[in-house]
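*Asks:* Got a structure here, written out as structure tokens. Questions coming.
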Amino acid sequence: MRKSAVLAVVAFGLALPGAYAATDEWKVDPMHSAAHFSIKHMMISTVRGSFGKLSGTVDYDGKNLANAKVNASIDATTIDTNEAKRDEHLRGKDFFEVEKFPNITFKSTKIKPSGKGKFSMTGDLTMHGVTKPVTLAVEGPSQQIDDKHGNYKVGFSATGTINRKDFGITYNSVLDGGGVALGEQVPITLDIELSKPSGKASDKPKS
């Protein structure tokens, strides 16, 4: 149910202002980025989880945000809901089928400002072998930082909601008192850090 995470990662790069873009390509820093999701359980509680491995690039000319291109990927095998048996079930044929569909991908198709420091990013999300358009609300970028390890860094956050059934993930069970065990709507939150070479080499260890 946590496919959405991927989408948001992509959205972040779109917002980079011209002052940040001496180099065309920024990369998602997997050590400092995360994709989170949540879903209703038995209509009374919320189960939260995340994906542990994200990657991607943002191509931006530093002038025209609308022409920015985002490509992102999430490793679906890294899903983590803090319960090993549940995570194994989620990786299987009832949900993500990670042996057939190991990655969730996102490619941006449209980016537009929606307010100061806010952007709307639409793109094609491919999950569980199904591709659908999705739109993310993006906030950022943060102030650009020189990490002193040879890179410039900026941060973004993004939110959105997808319907898992749109991507062929339809598994559910009916409760004795009526209703179903799992919700269909899956809110997602992404915290993304982007990196590009600064040209300033450093021998300091990364953290």
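None of the figures in this text is laboratory data; all of them are computed from the coordinates on show. Fair warning: this is a prediction, and the values are worked out from it, not measured in the lab. Cβ placement follows ideal geometry from the backbone for every residue including glycine, while neighbour counts extend to all protein chains displayed.
*Asks:* About the Cα centre, and with charges only on the beta carbon of Lys, Arg (+1) and Asp, Glu (-1), how big is the dipole of region 5-197? Nearest 20 debye, please.
*Replies:* 420
*Asks:* Can you pull the one-decimal nm distance between simple spin-label points at SER173 and ASP87, each 7 Å off the Cα toward Cβ?
*Replies:* 2.1
*Asks:* Multiply the residue separation of ASP146 and ASN67 by 0.36 nm, subtract the distance between their alpha-carbon atoms, and state the gained length in nm to one decimal.
*Replies:* Length difference between fully extended and current span is 25.9 nm.
*Asks:* Tell me, in nm to one decimal, what length is gained between LYS110 and SER55 on full extension, where the rule is 0.36 nm per residue of separation less the Cα-Cα distance?
*Replies:* Full-extension gain reported as 17.8 nm.
*Asks:* Right, another one. What is the distance in Å between the Cα centres of region 98-160 and region 77-96?
*Replies:* What the calculation gives is 24 Å, centre to centre.
*Asks:* Quick one: Debye curve from the alpha-carbon atoms of region 5-197 only, equal weights, vacuum; give me log10 I(q)/I(0) at q = 0.08, 0.11, 0.17, 0.19 Å⁻¹ to two decimals.
*Replies:* -0.27, -0.49, -1.03, -1.23
*Asks:* Can I ask one more? Pulled fully out, how much extra length does the chain show between THR131 and ALA181, if you take 0.36 nm times their separation in residues and subtract their Cα-Cα distance?
*Replies:* Using 0.36 nm per residue and subtracting the Cα-Cα distance, I get 15.4 nm.
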